[in-house]
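First up is the structure itself, then whatever we jot down about it.
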Amino acid sequence: MIAEKKCIPCQGGIPPLKSKEIRKLLIHLENGWEVYKDKEIRKKYLFSKYTDAIVFSNKIADLAEEEGHHPFIHINYKEIVIILFTHKINGLHENDFILAAKCDLILKSLI
């Protein structure tokens, strides 16, 4: 299971994942993750209350620190959008999919 893996530090200088590799990893994620220009993955989470959205965002921030891999977190009232890509390679790496899977686990732990 991809969520059981740990993000590894990316040194850069490696190529980002290609479309075929991205599709193979995408099937391991919950529904809702979208690939954007083969360079990032993103998902929108909707909450019933603003405070629930903030709790989720804070847990994602804690996860990012633990994993050493930091997503963009967009907060718009009760909607959170997580955007993942690996900055050093300007594209997708397995770490992005690991963190995505863990984001979904955090959501499950809150409901």
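The values are calculated or read from the model by the stated rules, or taken from the named source; none is laboratory data. In this text, all values refer to a predicted model and were calculated from it rather than measured experimentally. Positions of Cβ are generated from backbone atoms using ideal geometry, with glycine treated the same way; all protein chains shown enter the neighbour counts.
Quick notes on this structure:
- Looking across segment 85-107, not a single residue is under 16 Å from Asp62 (Cβ atoms) and at pLDDT below 95.
- Scanning segment 71-100 for residues that are touching an Asp or Glu at 6+ places or on another chain (Cβ under 9 Å) and either free of Cβ contacts under 8 Å to residues at least 24 places away in the same chain or surrounded by 19 or more Cβ atoms within 10 Å (Cβ to Cβ) (or both) returns Pro71, Phe72, Leu84, Phe85, Thr86, Gly91, Leu92, Asn95, Asp96, Ile98, Leu99, Ala100.
Here's the yes/no breakdown for (1) of a type in the set (Lys, Arg); (2) at pLDDT below 95; (3) out of contact with any Phe, Trp or Tyr (no Cβ under 6 Å at 6 or more places or on another chain):
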residue: Lys18; (1), (2), (3): yes, no, yes
residue: Ile22; (1), (2), (3): no, no, yes
residue: Leu25; (1), (2), (3): no, no, no
residue: His28; (1), (2), (3): no, no, yes
residue: Asn31; (1), (2), (3): no, no, yes
residue: Tyr36; (1), (2), (3): no, no, yes
residue: Glu40; (1), (2), (3): no, no, no
residue: Leu46; (1), (2), (3): no, no, yes
residue: Phe56; (1), (2), (3): no, no, yes
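- Residues satisfying the stated conditions in segment 7-35, i.e. within 13 Å of the chain's Cα centre (by Cα) and not in a helix (DSSP H, G or I): Cys7, His28, Leu29, Glu30, Asn31, Gly32, Trp33, Glu34, Val35
- Inside segment 46-96, residues that are part of a loop (DSSP other than H, G, I, E, B) and polar (S, T, N, Q) make up a count of 2.
- Test set (1) part of a loop (DSSP other than H, G, I, E, B); (2) within 11 Å of the chain's Cα centre (by Cα) - Lys43 fails condition number: (1)
- Residues in segment 25-44 that are free of Cβ contacts under 8 Å to residues at least 60 places away in the same chain and either surrounded by 11 or more Cβ atoms within 10 Å (Cβ to Cβ) or under 19 Å from Phe72 (Cβ atoms) (or both): 11 in all.
- Among the residues examined, Ser57 qualifies as among the small types (Gly, Ala, Ser) and buried (at least 16 other Cβ atoms within 10 Å of the Cβ).
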